[in-house]
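We did not get these values from a lab; they are worked out from the coordinates using the rules stated. Here the structure is a predicted model, which is why all the values come from computation and not from measurement. Positions of Cβ are backbone-derived with ideal geometry, glycine not excepted, and every protein chain shown enters the neighbour counts.
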Amino acid sequence: MQENSIKRAETLRPTVIEVAGEPQGVVVPTDGGFRFLAVKLPAFVVDGQHFASIEVAHAAVRDAVEGRPTL
C-alpha cells in the first residue's frame, strides 16, 4: 500500500519551467494535462493556464518571457 502512495506522489511532483536558465514557475499535473504556476513577473501572463503537455507549457512560458504574442 505504501508503494502506491510513493508512486502517486512521484507523478504529482511539480516540474520547474526555466527560460534561459531562470526558473519562471512550475507545472503541476491535473486531470488531462498540466497547470502552470508562475513565480516570476514575466511569466504571470500564463499563470494558472492549463496545457496538454509540459512541452506546450514551456513553449507558452518562453514566448511570454521573450515578449512574443500568444496564439
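Here are some notes:
- A simple packing score, the average count of other Cβ atoms within 10 Å per residue, orders the peptides 24-31, 48-55 as 24-31, 48-55, with the highest score first.
- Label positions at Lys40 and Arg13, each projected 7 Å from the Cα along the C-beta direction, are separated by 2.2 nm.
- Residues in segment 25-33 carry Karplus couplings, in order, of x, 9, 10, 10, x, 9, 4, x, x Hz; the curve used is 6.51 cos²θ - 1.76 cosθ + 1.60 with θ = phi - 60°, and Gly or Pro positions show x.
- Whether segment 14-65 is rounded, prolate or oblate, judged on the alpha carbon gyration tensor where a/c under 1.5 counts as rounded: prolate
- Relative contact order computed over segment 9-71 (Cα-Cα under 8 Å; 6+ residues apart), in percent: 24 percent
- Net charge, Pro42 excluded, C-beta distance under 11 Å - Lys, Arg +1, Asp, Glu -1: -2
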